[in-house]
Structure formats: structure tokens, C-alpha cells
């Protein structure tokens, strides 16, 4: 059974406490928090004060995804505001291994995100150091985009790499996840499904989360 991580990027920012409490009540496993700087991706989202506020209400794992340039600058700060898992982009990290070690030193799980065009084979040398690989199944920056079909084969290839290294790395899918593709993603090897618009724009977000959990 896959873990479900609703993405708060799609929540109602005027009612964040309400939406956090909904996720707490639901069958969701994690909170997925997207941090964007307007440079690495063409959008700006949550900063430290907002994450700090979310942490006050969230009772589940805080899965923080940094879509920012030079993410290593803020590792300690994200730990301080409540991140349990901290994911940096391969494309934004010049010294990826060093960043992973720095995240683990702070007591967080270390994740690496890959943009749709980045091959999973680039992670072979560091897969044993990675707790989570976040495969972007849309181009990062905005919610509500169409799922990229090539993702299925990337999941399968990444699963082979993880098994070949005898690693316990989880595979997370972020972007365009719905009930139409969730089962196929899990079958391909996905462990964590991030769902934003599909959850928060639905008539009954809790029921939508429960439906994904049953996949």
C-alpha cells in the first residue's frame, strides 16, 4: 500500500489550518510542502514562517520539497521549522553527496528530486545515501499540470537500480497524480504518491485521499 502525501500547494491558503486539520483526520500519511524560490522554478511558494505555522497544526510527517537554487544554504533552517524529510533537486545541487550528508546530520531523511528530463541512472553512485527519490511527473513550478506518461518507465528503471543496490530508498511521484494513474504507478514500483489539486479541488478531500489509499 502506497503512502499518500497531499500537497499543500493546492490547499486554500486563507484556510491553511482547516486544510491541515483535514489532512490530520484523513488516511493521508505525510504532508507534502513545496518550497519555490522563483529562480529554480518560475513560481514562489511557502517560506519558513508559513512552514512553521503549518507544523503547529500538522500531526503527520512533514515532507519538504525544495525547488530552490543552492538548497544547501538552508538545511538547518528547514530542520528548525519542522521538516522530517528534506528533498533537494539533483539539478540544483552541485555537491549532492555533501548535501545529503548535511541533511542526515540534522536528523532528517534525505531526498533527491529529479525533473522529468533527468535520467534516474545519474543516482546510481549515491542511491545508498538517499532515503527518498522524488520523480517529477510534471515540470516543476505549478500545480494542476498534466501527468507525463514517460514516468512509468522511469519508476521501473529506478526500482531496478534500488533493488540492485540492495537499498531501502522510497520512490515518490509528484505531479498529476489521480485515481486514473495511481494504481499503475504503484504497480510500476512507486511507494509514495503526492496529490495536490486532485485532493484539494475535489468535493470531498478526505474521501479522495481514502480512495487513493485503497489503490
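When region 85-97 is limited to residues that are under 22 Å from residue 39 (Cα atoms) and more than 17 Å from the chain's Cα centre (by Cα), the one that is surrounded by the fewest Cβ atoms within 10 Å (Cβ to Cβ) turns out to be 94. Based on this model, can you work out whether residue 53 counts as modelled with pLDDT under 95 and surrounded by fewer than 14 Cβ atoms within 10 Å (Cβ to Cβ)? Here the answer is no, as residue 53 does not meet what is asked. Working only within region 142-152, note down all residues that are in contact (Cβ under 8 Å) with a residue 12 or more places away in the chain, farther than 10 Å from residue 190 by Cα and more than 13 Å from the chain's Cα centre (by Cα). Across region 142-152, the qualifying residues are 142, 144, 145, 146, 147, 148, 150, 151. Scanning region 26-41 for residues that are over 17 Å from residue 112 (Cβ atoms), surrounded by 14 or more Cβ atoms within 10 Å (Cβ to Cβ) and over 14 Å from the mean Cα position of the chain (by Cα) returns 26, 27, 37. In the condition set (1) surrounded by fewer than 16 Cβ atoms within 10 Å (Cβ to Cβ); (2) over 18 Å from the mean Cα position of the chain (by Cα); (3) farther than 17 Å from residue 3 by Cα, residue 161 is compliant with all but (1).
Please count how many residues of region 42-70 are over 15 Å from the mean Cα position of the chain (by Cα) and under 24 Å from residue 97 (Cβ atoms). Looking only at that region, the number is 2. Tell me, yes or no, whether region 130-150 has at least one residue that is farther than 15 Å from residue 7 by Cβ, in contact with a helix residue (DSSP H, G or I) (Cβ under 7 Å, 6 or more places away or on another chain) and assigned to a helix (DSSP H, G or I). No; the residues of region 130-150 include none that is farther than 15 Å from residue 7 by Cβ, in contact with a helix residue (DSSP H, G or I) (Cβ under 7 Å, 6 or more places away or on another chain) and assigned to a helix (DSSP H, G or I). Is it the case that some residue within region 170-178 is surrounded by fewer than 15 Cβ atoms within 10 Å (Cβ to Cβ) and either without any contact (Cβ under 8 Å) to a residue 60 or more places away in the chain or within 19 Å of residue 88 (Cβ to Cβ) (or both)? No, there is no match, as no residue in region 170-178 is surrounded by fewer than 15 Cβ atoms within 10 Å (Cβ to Cβ) and either without any contact (Cβ under 8 Å) to a residue 60 or more places away in the chain or within 19 Å of residue 88 (Cβ to Cβ) (or both).
Looking at 180, 195, just one residue is within 19 Å of residue 148 (Cα to Cα) and under 16 Å from the mean Cα position of the chain (by Cα), and that residue is 195.
Quick grid of which residues meet (1) over 22 Å from residue 107 (Cβ atoms); (2) touching a helix residue (DSSP H, G or I) at 6+ places or on another chain (Cβ under 8 Å); (3) in contact (Cβ under 8 Å) with a residue 60 or more places away in the chain; (4) not in a helix (DSSP H, G or I):
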residue	(1), (2), (3), (4)
1	yes, yes, yes, yes
15	yes, no, no, no
20	yes, yes, no, no
33	no, yes, no, yes
41	yes, no, yes, yes
59	no, yes, no, yes
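The selection criterion, being touching a helix residue (DSSP H, G or I) at 6+ places or on another chain (Cβ under 9 Å), surrounded by fewer than 19 Cβ atoms within 10 Å (Cβ to Cβ) and modelled with pLDDT of 95 or more, holds for residue 101.
The values are calculated or read from the model by the stated rules, or taken from the named source; none is laboratory data. The structure displayed is predicted, hence computed values, not measured ones. Note that we place each Cβ from the backbone using ideal geometry, even for glycine, and neighbour counts take in every protein chain shown.
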